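Read-outs throughout are calculated quantities, based only on the coordinates presented, and are distinct from any laboratory measurement. Please read all numbers here as calculations on a predicted model, not as lab measurements. Glycine gets a Cβ as well: all are built from the backbone with ideal geometry, and neighbour counts include every protein chain shown.
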Amino acid sequence: MTRTVLKDFLLGMLLLAGFCAAASPSDQKTRSIQIKGSDTMVNLGQAWAEAFNKIHPDVNIAITGGGSGTGIAALISGTCDIAESSRAVEEKEIKQAEARGVKFNIEIVALDGIAVVVNPGNPIKNLTMDQLREIFLGNIKNWKTLGGPDMPIVLLSREVNSGTHIFFKEHVLRRGKKKGTEEFAPAALMMPSSYSIAEETANNENTIGYYGMGYISPRQKVIAVAKNAKSPFIEPTLEAVRSNAYPISRPLYLYTNGTPKDVIREFIDFVYSKEGQDIVKKTDFVPIK
Amino acid sequence: MAKLRKLKEFLIEKLIFASGIASVVFVALIFIFLLREGISVFKDTSLGSFIGGRFWYPISDPPKLGILPLILGSLLVTAGAVVIAVPLGISAAFYIADVAPAKLRNILKSCVEILSAVPSVVLGFLGITILVPFLKHFLKLPTGLTALAGSIMLAFMALPTIISISEDAINAVPREYKEGALALGATHWQTLHRVIIHGAMPGIFAASMLGIGRVFGETMAVMMVTGNAAVIPTSLLQPVRTLTATIAAEMGEAAKGSPHYFALFAIGIVLFVISFAINLTADLFLNKGRKR
């Protein structure tokens, strides 16, 4: 009896070891790509992967989100091949990468406008960058101040692991100064995903939130934003982002370790191709060309 | 042959001993690991400003690592859940154990088991689509993402624990107590709330504490419905951020070796210590109940 138990146990361990070996990443023969990073770019990455797979059915592409920082951290630790990021790498990350012998190769593959959205029942249509700043700093607390109805403003923000959160903070709250000290009002709700911001905005007339242009839907109302009190109010459209007329826009990056080779090179070439850039447009981001 | 059997006996004994001691070793290792990683946060911030700090801006430069709003958020959500789940759970336990007819009792018991099997992310999903909009409109709040929504979700999660352990405690009360009370002319209700409840009290208390432990450590559903704003809460109708949700939401991003990373481990220590205290209290009462 005991002997069979022992045998089973050994067999189990062997099998387990086998699975572990099979699951180890970047097996050259199977041609797989691990992509990780920005939640904003997950859908875009997925669409690229599907189209790429039609041309190269032998390549296995796995895409996961988790935030730009997660992707960059994974690239540094060697657990992914390509990091999707909606922000530039930071000094700290470059240092960590150097310590582990990783050299960032930067590819700007698309542009993104961050849309500021309110509930469709809210009469407010236009806001200036300064007004946005005051709202998200928590200094303007009621829609009445902005000429709207007498309702409290409920702030919706992404969590700190989101590239969108960091970009909005640096670009709107800190007016582009990375080292500023302004922070989101403590009362701002930290939502775990862009989807939850969209949901809460659609259901609650008090809210104001922000998300990547890809999430724009008729269930939320997009606010037209002006750089300052004198400039025109501009909606986040393809043309407005590409011409840099819309004030809250940013590049989207793919990072690799060193110059991309083999299948990773093929994938990035595909991303830059006409087909790849058409997909960018289809997923509601802005193509670079 | 006898020698072989002895060897076998010896091996099995040691193997079982190792399995038995394993959980102790694991707990110790987990705590040591947490302590080792978490203690480094105090190079950047003092214990007082960590526990008592009012602002949580972990990725700013310099970071503000005050977890007071998070501790209070966790305590508030837990307290709310306790107020809802404990009376409901104990009443349900009494009904199932002592009042319900046998057929209904079996149905109820399986329903309680099913309730405990619902994954918390599913409850959170129901919360965000049904409970949150309902609370907002019903209570006319600026937003339905509040501590109250978290408390209600968590109460559902604590109920199965509270009901099944309380029910065991009630069943463990010697039959003679009940028979004696009834023989003395007490009504069923008098027997219940004057006699049986006293016999079952330590077990019921332990059930409640275990329920609280479950609630305190819960993450997913809470993160989805409480709004996660790191403010010091003044009422249940306000968004809060809990300790668990903070770790879950931020661990993916925190750069290894940064103050933020260490702070999240230090939050882990705080959680561990509080959960440990809750479970210890529950254990003490369970043992007290057994001795009687």
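Once the principal axes of the Cα atoms of the stretch A:112-249 are found, what is the range along each, listed largest first in whole angstroms?
Sorted largest first, the three principal extents are 34, 29, 29 Å.
Per 10 Å bin from zero, what fraction in whole % of the C-alpha pairs of the stretch B:126-248 is there, up to the bin with the longest pair?
That works out to 13, 31, 22, 18, 13, 3, in percent per bin.
Which FRET efficiency value, to the nearest 0.05, do you get for A:Asn126 and A:Ser273 by plugging their Cβ-Cβ distance into 1/(1 + (r/R0)^6) with R0 = 56 Å? If you can, show how the numbers build up before the last one.
Working: r = 38 Å, r/R0 = 0.68.
Step by step, r from the Cβ atoms, then E = 0.90.
Would you report the distance distribution of C-alpha pairs in the stretch B:32-170 as whole percents per 10 angstrom bin, up to the bin with the largest distance?
Result, from short to long distances: 11, 26, 26, 23, 11, 3, 0 percent.
Let's test the formula: R0 of 30 Å, r as the Cβ-Cβ distance of B:Ala117 and B:Lys64. What FRET efficiency results, to the nearest 0.05?
Numbers: r = 41 Å, r/R0 = 1.35.
Efficiency computed from Cβ-Cβ geometry: 0.15.
Could you give me the radius of gyration and the Dmax of chain A, taking only the C-alpha atoms into account and expressing both in angstrom?
In Å, with Rg to one decimal and Dmax whole: 22.3, 86.
Might you report the magnitude of the Cβ-based charge dipole of the protein assembly as shown about its Cα centre, with Lys and Arg at +1 and Asp and Glu at -1, to the nearest 20 debye? Mind dumping the intermediate values first?
Working: 58 positive and 46 negative charges, 190 e Å.
Roughly 920 debye for the protein assembly as shown.
What are the DSSP H helices in chain A that stretch 30 Å or more along their long axis, judged by alpha-carbon atoms, and whose average Kyte-Doolittle hydropathy comes to at least 0.5? Display every interim value, and only then the final one.
Details: long enough: A:2-23 (31 Å, 1.37).
Helices meeting the span and hydropathy rule in chain A are A:2-23.
Please give the per residue volume of the convex hull enclosing the alpha carbon atoms of the stretch A:151-212, rounded to a whole number of Å³.
Details: hull volume 5.1 nm³, N = 62.
Here the figure is 82 Å³ per residue.
With all pairs of different alpha carbon atoms counted, what Kirkwood hydrodynamic radius in Å does chain B show? Could the numbers behind the result be given before it?
Details: mean 1/r = 0.0462 Å⁻¹.
Taking every pair of different Cα atoms in chain B, averaging 1/r and inverting gives 21.7 Å.
If each of B:His188 and B:Val99 carries a label point 7 Å out from its Cα toward its Cβ, how far apart are those two points in nm?
Inter-label distance under the simple model: 0.9 nm.
Tell me the Kirkwood hydrodynamic radius of the stretch B:1-53 in angstroms, computed as one over the mean inverse distance between distinct C-alpha pairs.
On the way: mean 1/r = 0.0685 Å⁻¹.
Averaging 1/r across every pair of different Cα atoms and inverting gives 14.6 Å.
Running a GNM on chain B with Cα contacts under 10 Å, which residue among B:Val215, B:Val25, B:Val122 ends up with the highest mean-square fluctuation?
In the Gaussian network model the winner is B:Val25.
What pairs from B:Lys43/B:Lys256; A:Lys169/A:Lys289; A:Lys95/A:Lys179; A:Lys36/A:Lys179; A:Lys221/B:Lys136 go past 25 Å between their alpha carbons? Write down the numbers at each step before the final one.
Working: B:Lys43/B:Lys256 15 Å; A:Lys169/A:Lys289 28 Å; A:Lys95/A:Lys179 18 Å; A:Lys36/A:Lys179 27 Å; A:Lys221/B:Lys136 20 Å.
With Cα atoms farther than 25 Å apart: A:Lys169/A:Lys289; A:Lys36/A:Lys179.
Suppose R0 equals 41 Å. What FRET efficiency, 1/(1 + (r/R0)^6) with r the Cβ-Cβ distance, do A:Asn142 and A:Ile108 give to the nearest 0.05?
Numbers: r = 40 Å, r/R0 = 0.98.
Result of the calculation: an efficiency of 0.55.
Modelled label-to-label distance, B:Ala2 and A:Glu50, 7 Å Cα→beta-carbon offset: nm?
7.5 nm
How big is the protein assembly as shown by Rg and Dmax over its Cα atoms, in Å?
Spelled out, the Cα radius of gyration and Dmax of the protein assembly as shown are 28.3, 98 Å.
Considering only the other residues whose Cβ falls under 12 Å of the Cβ of B:Ile162, what net charge follows from Lys and Arg at +1 and Asp and Glu at -1? Don't skip to the end; give the middle numbers.
Values: positive: B:Arg214; negative: B:Glu167, B:Asp168.
Around B:Ile162, the surrounding residues sum to -1.
For the stretch B:1-110, what size does the Cα cloud have along each of its three principal axes, sorted from largest down, in whole Å?
For the stretch B:1-110, the Cα spread along each principal axis is 70, 55, 20 Å.
Which value in nm describes the separation of the simple spin-label points at A:Lys227 and B:Leu15, placed 7 Å from the Cα toward the beta carbon?
My value for the distance between the label points is 7.5 nm.
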